[in-house]
Amino acid sequence: PIRKVTETDRAEVLFELTWIGDPNSVQRVLTDRLWPIFTAKGFNDDLTGFVVWVIGELCDNAFVHARVPGKDPFGAFICVQSYSTPRPNIQLAVGDLGKGIRASLAEAKNFSGLKDDREAILTAMRPGVSSWTHREGQRRGNGLTDVLKIALGSSSELDIRSVSGRIWLRGGRLGRAVDEGTLDGTLVGLRLFADKVNKASREEIEHALDRV
């Protein structure tokens, strides 16, 4: 979902499209299968742990927030591919077939007035925003924020689609896509370069979101 793959790209490690329908198996998949892919591309353990944790958060979003009663399948799709050209990089995608970000956030009264799916995606990227924000004692809502933290701090590429909305990050700037059609659920795509992984500050995130 991030970019067109050309003949000059050389794939080295593939984590094939995998469906995770059991939330209890997420950690095992991340530790046993995804961790070695990131290590092989030169990510140190601290950054690998952070990225793998973010993927886990996105999977958790699918299990906790995205479910549509009576609709199957339920869970998350994961796919990861590593490339050695033009320099070592990893492309990953996490998606679900759920209700979408806007419908999920609407469960919280303070987010019930979002005008469209694009506004919902941008809102969900802000620190601490979740459909559970209104629930006492709940400290959630960092999944998409942490994806943006990595992508923005690392000059990486990010693409988030949810129902009829799409927000992308290129060259350190966020943009809105128009008339992209509709998608069941939510799909997050991220392209990371092994030599460029840093984390943006909260202030940098807020500034980038305010400029869209």
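The values are calculated or read from the model by the stated rules, or taken from the named source; none is laboratory data. Computed from a predicted model, the values in this text were never measured in an experiment. So basically every Cβ, Gly included, is an ideal-geometry build from the backbone, and we count neighbours across all protein chains shown. Side chains are part of the model used for accessible areas, which takes the heavy atoms of the whole protein and leaves out ligands, DNA and RNA. Shrake-Rupley method; radii C 1.70, N 1.55, O 1.52, S 1.80 Å.
Brief remarks on what is shown
- All positions within the range 176-212 that are under 14 Å from the mean Cα position of the chain (by Cα) and either more than 29 Å from T48 (Cα to Cα) or exposed (fewer than 14 other Cβ atoms within 10 Å of the Cβ) (or both): none
- Residue within the range 7-16 that is outside any helix (DSSP H, G or I) and at pLDDT 85 or above present: yes
- Single residue of the range 35-44 satisfying the filter (at pLDDT below 85 and of a type outside the set (S, T, N, Q)) that is nearest to P88 (Cα to Cα): K41
- Residues located in the range 153-168, provided they are within 13 Å of the chain's Cα centre (by Cα) and buried (at least 22 other Cβ atoms within 10 Å of the Cβ): S156, L158, I160, R161, S162, R166, I167
- Taking every residue in the range 37-51 that is within 16 Å of C79 (Cα to Cα) and pairing it with any residue that is open to solvent by less than 20 Å² (accessible area, probe 1.4 Å) and in a loop (DSSP other than H, G, I, E, B), at least 6 positions away or on another chain, the pairs with Cβ-Cβ distances below 8 Å are V51/F43; V51/V197.
- Considering the conditions (1) farther than 26 Å from K115 by Cβ; (2) open to solvent by 70 Å² or more (accessible area, probe 1.4 Å); (3) of a type outside the set (D, E), R173 is excluded by exactly one of them, (1).
- Of all the listed residues (A40, A106), the sole one being farther than 22 Å from A151 by Cβ and out of contact with any helix residue (DSSP H, G or I) (no Cβ under 7 Å at 6 or more places or on another chain) is A106.
- Checked against the criterion of being of a type in the set (S, T, N, Q) and either buried (at least 21 other Cβ atoms within 10 Å of the Cβ) or modelled with pLDDT under 85 (or both), the candidates S84, S25 yield just one match: S84.
Conditions tested, residue by residue: (1) part of a helix (DSSP H, G or I); (2) at pLDDT 80 or above.
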position: S130; (1), (2): no, no
position: R139; (1), (2): no, no
position: T145; (1), (2): yes, yes
position: R161; (1), (2): no, yes
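- Taking the range 163-184 as the range and being modelled with pLDDT under 90 and within 16 Å of L58 (Cβ to Cβ) as the test, only L183 passes.
- Qualifying positions in the range 114-128 - in a loop (DSSP other than H, G, I, E, B) and either under 26 Å from V178 (Cβ atoms) or at pLDDT 90 or above (or both): L114, K115, D116, M125, R126
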